[in-house]
Amino acid sequence: MNTFTLPTVALPTVALLAAGLLGGLAGCAPAAPPPAHHASSPAAPAAGDVNDADVAFTQGMIPHHQQAIELSDLLLAKDSVDPELVTLARAIKAAQQPEIDTMTSWLADWGRPATPSGHQGHGESDGGMATAADLERIRASDTAAAERLFLTLMIAHHEGAVGMGETELKQGRNPAARELAQTIIDTQQAEITTMKELLQTR
């Protein structure tokens, strides 16, 4: 019985060939668009690295992000929305939902509730949060009016988030929470500039 023997190839050579093949395939694939925020959220930090400012920032930013998603959904439900605004609203949703998930896991790891007790922390009266009446106005508006309302409300909403992030950088101690705060500041400042330009054309 004849036995077929494969030629011996050094393992480093195989590794190089595999890397070259993968690199070639990657070069043929279309480049993914850059995410609005970090591609992956920071891992949940140790409880010992947390202070009250970190907790307040996290507890406040979760409902803040949730409302940004709600505002985006209200706009996207309209007919014939400007494609630029569709892109913006979708980017906001894609960036902020993973951050909500991350912050929720942080609070669980820290042994803290998802919402602050009493009246401490973030509320609908601060942080640029839209009121229930604001949300109803978008629902009842035609597309053109809804676009203007979305931009006006989201600018104030983002400005509130920037302020919350700046407070975290001044008072917070947790490295991951501070990193997220800086990401929010950088990203939402850029979006504020874009939204102000879009609002001027309406």
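May I ask you to verify whether Thr194 is touching a residue at least 60 places away in the same chain (Cβ under 8 Å), under 15 Å from Ala91 (Cα atoms) and among the polar types (S, T, N, Q)?
Details: touching a residue at least 60 places away in the same chain (Cβ under 8 Å): yes; under 15 Å from Ala91 (Cα atoms): yes; among the polar types (S, T, N, Q): yes.
Judged against the criteria, Thr194 is a match.
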Revision key, fill the gap. So, first residue free of Cβ contacts under 8 Å to residues at least 12 places away in the same chain in the range 74-85, second residue loosely packed, with under 13 Cβ neighbours inside 10 Å, Cβ within less than 6 Å, six or more apart or across chains; the pairs are none
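Conditions tested, residue by residue: (1) assigned to a helix (DSSP H, G or I); (2) at pLDDT below 60; (3) among the hydroxyl-bearing types (Ser, Thr, Tyr); (4) within 18 Å of the chain's Cα centre (by Cα).
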| position | (1), (2), (3), (4) |
| --- | --- |
| Pro33 | no, yes, no, yes |
| Ala36 | no, yes, no, yes |
| Ala44 | no, yes, no, yes |
| Phe57 | yes, no, no, yes |
| Ile62 | yes, no, no, yes |
| Gln67 | yes, no, no, yes |
| Asp79 | no, no, no, no |
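Test Glu166 against the criterion of being free of Cβ contacts under 8 Å to residues at least 24 places away in the same chain, assigned to a helix (DSSP H, G or I) and closer than 14 Å to Gly60 by Cα, and give yes or no.
On the way: free of Cβ contacts under 8 Å to residues at least 24 places away in the same chain: yes; assigned to a helix (DSSP H, G or I): yes; closer than 14 Å to Gly60 by Cα: yes.
Against the criterion (free of Cβ contacts under 8 Å to residues at least 24 places away in the same chain, assigned to a helix (DSSP H, G or I) and closer than 14 Å to Gly60 by Cα), Glu166 qualifies.
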Review point. If you go through the range 127-148 one residue at a time, do you hit one that is in a helix (DSSP H, G or I), surrounded by 14 or more Cβ atoms within 10 Å (Cβ to Cβ), free of Cβ contacts under 8 Å to residues at least 60 places away in the same chain and among the small types (Gly, Ala, Ser)?
Key: yes
Point to revise | Candidates Glu159, Glu147 - the one that is over 17 Å from Gln182 (Cα atoms) and out of contact with any strand residue (DSSP E or B) (no Cβ under 8 Å at 6 or more places or on another chain) | key: Glu147
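Is it the case that some residue within the range 98-114 is under 22 Å from Met195 (Cα atoms), modelled with pLDDT of 95 or more and exposed (fewer than 15 other Cβ atoms within 10 Å of the Cβ)? Steps first, answer last, please.
Initially, the range 98-114 is screened for residues under 22 Å from Met195 (Cα atoms), giving 99.
Among the residues that remain, those that are also modelled with pLDDT of 95 or more are: 99.
Next, from what is left, pick out any that are exposed (fewer than 15 other Cβ atoms within 10 Å of the Cβ): none.
Looking for residues that are under 22 Å from Met195 (Cα atoms), modelled with pLDDT of 95 or more and exposed (fewer than 15 other Cβ atoms within 10 Å of the Cβ), one finds none in the range 98-114, hence no.
The values are calculated or read from the model by the stated rules, or taken from the named source; none is laboratory data. Computed from a predicted structure; not experimentally measured. Cβ: placed from backbone, ideal geometry, glycine included. Neighbour counts: every protein chain shown.
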